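Below is one structure, written out as structure tokens; comments come after it.
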Amino acid sequence: MLRHIMDDEFSQQFNWLGRGGRKKAFSAFKITAVILGASAVQKITASECEAVIKNWLKYSGDRSGGRKEENWGDSREVCTAKAS
């Protein structure tokens, strides 16, 4: 769902809480409530959904040419598994 809302370059401007001084808090946006609500319909808990979002934001720099693909961990797998 997240890749349809924002691209990797745009998502690099955010983290979950906006800490670190240079990033904005994704959790503060209204779209976050929409995502959590849509996930709840699919029987995904808010904490599971938040974990996926945090991981997706964390690795956004890697998807746009940052570190090598093998360092992504399972962020792509989790996002697609939860979306199915």
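The values are calculated or read from the model by the stated rules, or taken from the named source; none is laboratory data. Remember, predicted model here, so these are calculated numbers, not experimental data. Glycine also receives a Cβ, built like all others from the backbone with ideal geometry; neighbour counts cover every protein chain displayed.
Listed values, structure above:
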item	result
Count of residues meeting criterion [touching a residue at least 60 places away in the same chain (Cβ under 8 Å) and on the phi > 0 side of the Ramachandran plot] in region 2-35	0
Identity of the residue in region 6-27, of a type in the set (Gly, Ala, Ser) and surrounded by 12 or more Cβ atoms within 10 Å (Cβ to Cβ), that ends up farthest from the chain's Cα centre (by Cα)	GLY18
Some residue of region 36-45 being touching a helix residue (DSSP H, G or I) at 6+ places or on another chain (Cβ under 6 Å) and without any contact (Cβ under 8 Å) to a residue 24 or more places away in the chain	yes
Odd one out for LEU36 among (1) within 22 Å of GLY65 (Cβ to Cβ); (2) buried (at least 16 other Cβ atoms within 10 Å of the Cβ)	(1)
Entirely in region 12-84, the helices (runs of 4 or more DSSP H) that have 2 or more residues that are over 12 Å from MET1 (Cβ atoms), modelled with pLDDT of 90 or more and touching a strand residue (DSSP E or B) at 6+ places or on another chain (Cβ under 6 Å)	none
